[in-house]
Amino acid sequence: MSIGPEFLIFGIALAVLVKGSDFFVSSASKLAKYFGVSDFVIGLTVVAIGTSLPEFASAIVAALSNNTGLIIGNIVGANITNICLNLGLSAVIVVLEIKKTMFRRDGLFLIIISLLFLIFALDKTVSRLEGIILYTLFMFYISYLFRFQPSKGKFGFKKYFKNFNGEFLLRFIRPNTYKEILLTGFKFISPRKSLTPEEENFFSMFKNVTLLIIGGLAIYYSAEYLVPSAVNIAHYFKVPEDIIGLVLISIGTTLPELSVSLTAAKKGLSNILIGNVLGSNIANILLIGGVSAIIHPLAINTISLYYTIPFMILMTFMLLSFIRAHWILKMFQGLILLIFYLLFIISLVLFFL
């Protein structure tokens, strides 16, 4: 087997992934401001679920083929990677400021569901019933985020529901809409014509929705090529498949989160960054774990039960304690998270192979 084409595929997929993530996070941020929804909530929902698509797709395929061990390794490994690698690198690049009220709510929820996942795993199986519970919790959580409306309008949901209504959605499926877009686009590029405020607003909205979709598709399909090429490279160099499941595949499927996190860090969008990591970890446990278990009960091996899942919970507690101290993440804390991640990888190689 020639390894050259695999490296080429890996490089192209990685480049598309980075650019797609840039489109995704930029358009999500602009849509959040337009609808009056906070960056943090958009990070917890749209961006987090969008960047979790690779994990979700690989988990569904694995569940259908009864390869559930890979799912557990991917979920746990991805959550550890999100906290230690993604947030660690981001904190090294820039100081991350976190809003207290939102972080307390979502950080606490992540701790609770992580402990619940460990409790479900104690009998070395996550059953279909437990999968239904996880999935139901995810739906309640998403519902809560979009229905929660403080009296002071802190999260701006009144404006969100006022703007994001059925009439707006219908415009995107009407044929006349696209005629309007073409005419508006012509006026946009013509120096002799100017857009009315309504035309400019709609054209900007359509452009951002389109970029959001293009970015999401780029993230998903680039990861679809990136992960298999990474696995083939690992096989070529005779890296054990246990490590591929717990480390390489989890890193590969969390590259969208990493790319979005680094892009958000460089643009100073700390709330989208933190929301993306917390939301992705919540989605990994509840959505991916829940749906996968509903398709086929998940088998939990000894390593996952006694080491990797507890380590995931430990890293979550550590992250919360770091932030609770000063409500920021600095370079020093980022380096500590990176060191723990490196020690985790080394321990897997030394003690479990």
For this session: Would you mention how many residues in region 306-347 are aliphatic (A, V, I, L, M) and either surrounded by 20 or more Cβ atoms within 10 Å (Cβ to Cβ) or under 30 Å from T125 (Cα atoms) (or both)?
Result: 15
Exercise. Take the residues of region 55-77 that are of a type in the set (S, T, N, Q) and without any contact (Cβ under 8 Å) to a residue 60 or more places away in the chain: which is surrounded by the fewest Cβ atoms within 10 Å (Cβ to Cβ)?
Worked result: S65
For this session: For R324, work out the one condition from (1) touching a strand residue (DSSP E or B) at 6+ places or on another chain (Cβ under 9 Å); (2) within 19 Å of F109 (Cα to Cα); (3) of a type in the set (D, E, K, R) it doesn't fulfil.
Result: (1)
For this session: All but one of (1) out of contact with any Ser or Thr (no Cβ under 7 Å at 6 or more places or on another chain); (2) modelled with pLDDT of 75 or more hold for G215, so report the exception by its number.
Result: (1)
Exercise. Hey, A91 hits all of (1) surrounded by fewer than 19 Cβ atoms within 10 Å (Cβ to Cβ); (2) assigned to a helix (DSSP H, G or I); (3) not aromatic (F, W, Y) but one; which does it fall short on?
Worked result: (1)
For this session: List every residue pair whose Cβ atoms lie under 9 Å apart, where the two residues are 6 or more positions apart in sequence or sit on different chains, the first residue falls within region 83-102 and is without any contact (Cβ under 8 Å) to a residue 60 or more places away in the chain and over 14 Å from W327 (Cα atoms), and the second residue, located anywhere, is part of a strand (DSSP E or B) and of a type in the set (G, A, S).
Result: none
Problem set entry | Boolean, F35 is modelled with pLDDT of 75 or more, touching a helix residue (DSSP H, G or I) at 6+ places or on another chain (Cβ under 6 Å) and either under 30 Å from K207 (Cβ atoms) or of a type in the set (S, T, N, Q) (or both) | no
Exercise. Do we have I42 as at pLDDT below 80, buried (at least 24 other Cβ atoms within 10 Å of the Cβ) and farther than 22 Å from S222 by Cα here?
Worked result: yes
For this session: Would you check if A299 is buried (at least 24 other Cβ atoms within 10 Å of the Cβ), at pLDDT 75 or above and small (G, A, S)?
Result: no
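The values are calculated or read from the model by the stated rules, or taken from the named source; none is laboratory data. Quantities reported herein were computed from a predicted structural model and do not represent experimental measurements. Don't worry about glycine lacking a Cβ; one is built from the backbone with ideal geometry, like all the others, and counts go over all protein chains shown.
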